[in-house]
Amino acid sequence: MYQDELKKEIKTLLKERNAVLLAHNYMRDEVQEIADLTGDSLALSIEASKTAAEVIVFCGVHFMAESASILSPDKTVLLPRLDAGCPMSDMVTAEGLLRLKEQHPGVPVVTYVNSSAEVKAVSDICCTSANAVRVVNSLREREVIFVPDRNLGRYVARFTDKTFHFWEGFCPTHERLKSGAVLRLKDENPDALFVCHPECSPEISALADHVCSTSGMYEYCRNSRSRRFIIGTEAGILYRLRRENPDKEFILASPGLICPNMKLVSLEDILDALKTLAPVIKVPEVIRIPAKQALDRMLAIPRD
């Protein structure tokens, strides 16, 4: 009953504030349930920018709210938990990236959207986990600097003949998934397909029947004739997978696939953010403009 009252109050305040509530696919079940839009981080920011909402409440982590601010500078962007960060994003800084660029003059920087606005601002082009291969192959140069995720970069390298200079960043949650756990589950469930995120290590990706983004997992599992799946990404994805496919079974590849940062935002936090219109995430124009250029270059690449 308490949660029902919270949800009702949130819905009322969303309407009063002319706000849109976004929830990343890894958020708590009850947060996804009440959101206006759920999805991958950049897709959410793009969709929110198209709405008439004056306020964006982003249930995610810091770099996601920054992306919303980059694409919607005239909207108020709220991050209900200011301490919701991303360890992988924190592994690369603009200063460190500039030093790496000096070591490889003329080599374009491809930056995963799971990065800070400052890092995006000193990058040439951004990518998502879904379009990273297409982005890298769109570049005429034969070498690329790929930041911050070494695992995504090595996955992309399988589909191109370019030379990569990797930043040694990674997602601690996906990194926790080990091949032994996956092999045991595959042995125990021979009829189940193993689907994983490209942020997993190359050893894990090599075991997968399909490697894709979180949104890609929804589509793949929905369209597959298989009835059982082993899921190699953060546990939050199970909420929507099970809701959209009640006749199918989804097995989390490891109990360690829980990101503590993605679980920070609660219904109480959302309500407080709407009441106080804080904390606000605002990217300064001197950073926002070059960061948006890196995103725009990505968005300009024709789809297959």
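The values are calculated or read from the model by the stated rules, or taken from the named source; none is laboratory data. The structure presented is a predicted model; accordingly, all values stated were derived computationally and were not measured. All Cβ positions, glycine included, derive from the backbone under ideal geometry; neighbour counts span all protein chains shown. Accessible surface is based on the protein model in full, side chains and every heavy atom, while ligands, DNA and RNA are left aside. Shrake-Rupley method; radii C 1.70, N 1.55, O 1.52, S 1.80 Å.
Going through V55, V107 one at a time, which residue ends up being at pLDDT 95 or above, closer than 23 Å to D296 by Cβ and aliphatic (A, V, I, L, M)? Just one listed residue meets the conditions, V107.
If only residues of region 243-265 that are small (G, A, S) and in contact with a Lys or Arg (Cβ under 7 Å, 6 or more places away or on another chain) are counted, the one that is nearest to E5 (Cα to Cα) is G256.
Any chance you could count how many residues in region 254-284 are among the β-branched types (V, I, T) and part of a loop (DSSP other than H, G, I, E, B)? Even if it seems obvious, please write down each step before you answer.
Start the filter on region 254-284 by keeping residues that are among the β-branched types (V, I, T), which leaves 258, 265, 270, 276, 280-281, 283.
With the extra rule that they be part of a loop (DSSP other than H, G, I, E, B), the set shrinks to 258, 265, 281, 283.
The total comes to 4.
For the structure I just gave you, tell me whether K275 is within 22 Å of A84 (Cβ to Cβ) and not polar (S, T, N, Q). Yes.
Give all pairs with beta carbons closer than 8 Å in which a residue from region 31-51 that is charged (D, E, K, R) meets a residue that is in a loop (DSSP other than H, G, I, E, B); count only pairs at least 6 apart in sequence or on separate chains. Within 8 Å, the pairs are D40/N25; D40/T128; D40/S129; D40/A130; D40/S213.
Regarding K282, is this residue touching a strand residue (DSSP E or B) at 6+ places or on another chain (Cβ under 8 Å) and open to solvent by 70 Å² or more (accessible area, probe 1.4 Å)? I'd like the intermediate steps shown before the answer.
Numbers: touching a strand residue (DSSP E or B) at 6+ places or on another chain (Cβ under 8 Å): yes; open to solvent by 70 Å² or more (accessible area, probe 1.4 Å): yes.
Against the criterion (touching a strand residue (DSSP E or B) at 6+ places or on another chain (Cβ under 8 Å) and open to solvent by 70 Å² or more (accessible area, probe 1.4 Å)), K282 qualifies.
With a cut-off of at least 3 residues that are open to solvent by less than 50 Å² (accessible area, probe 1.4 Å) and hydrophobic (A, V, I, L, M, F, W, C), name the helices (runs of 4 or more DSSP H) lying wholly within region 1-58. So that I can check it myself, show each step before the final result.
Values: elements: 2-16, 29-34, 41-49.
Once the helices (runs of 4 or more DSSP H) in region 1-58 are filtered for at least 3 residues that are open to solvent by less than 50 Å² (accessible area, probe 1.4 Å) and hydrophobic (A, V, I, L, M, F, W, C), what remains is 2-16, 41-49.
Taking region 225-270 as the range and being touching an Asp or Glu at 6+ places or on another chain (Cβ under 6 Å) and surrounded by fewer than 17 Cβ atoms within 10 Å (Cβ to Cβ) as the test, only R228 passes. Please indicate, with yes or no, whether at least one residue in region 60-71 is outside any helix (DSSP H, G or I) and open to solvent by less than 10 Å² (accessible area, probe 1.4 Å). Yes, region 60-71 contains at least one residue that is outside any helix (DSSP H, G or I) and open to solvent by less than 10 Å² (accessible area, probe 1.4 Å). Would it be correct to say that K282 is charged (D, E, K, R), modelled with pLDDT of 95 or more and out of contact with any Cys (no Cβ under 8 Å at 6 or more places or on another chain)? Against the criterion (charged (D, E, K, R), modelled with pLDDT of 95 or more and out of contact with any Cys (no Cβ under 8 Å at 6 or more places or on another chain)), K282 qualifies. Tell me, please, whether a residue that is touching a residue at least 12 places away in the same chain (Cβ under 8 Å), of a type outside the set (K, R) and in contact with a His (Cβ under 7 Å, 6 or more places away or on another chain) can be found in region 225-243. Within region 225-243, one or more residues are touching a residue at least 12 places away in the same chain (Cβ under 8 Å), of a type outside the set (K, R) and in contact with a His (Cβ under 7 Å, 6 or more places away or on another chain). Looking at E219, is it modelled with pLDDT of 95 or more and more than 18 Å from the chain's Cα centre (by Cα)? Answer is no for this residue.
What number of residues within region 13-52 are more than 22 Å from N261 (Cβ to Cβ) and at pLDDT below 95? Of the residues in that region, 0 qualify. Please pick out the residue among I251, I287, I301 that is more than 19 Å from the chain's Cα centre (by Cα), touching a residue at least 40 places away in the same chain (Cβ under 8 Å) and in a strand (DSSP E or B). Criteria check complete, one pass: I251.
Restricted to region 94-213, the set of strands (runs of 3 or more DSSP E) holding at least 2 residues that are open to solvent by less than 20 Å² (accessible area, probe 1.4 Å) and in contact with a Phe, Trp or Tyr (Cβ under 9 Å, 6 or more places away or on another chain) comprises 109-112, 125-127, 143-147, 193-196. Close Cβ contacts (under 6 Å, 6 or more residues apart or on different chains) running from residues in region 184-196 that are among the small types (G, A, S) to residues that are open to solvent by 20 Å² or more (accessible area, probe 1.4 Å) comprise A192/R228.
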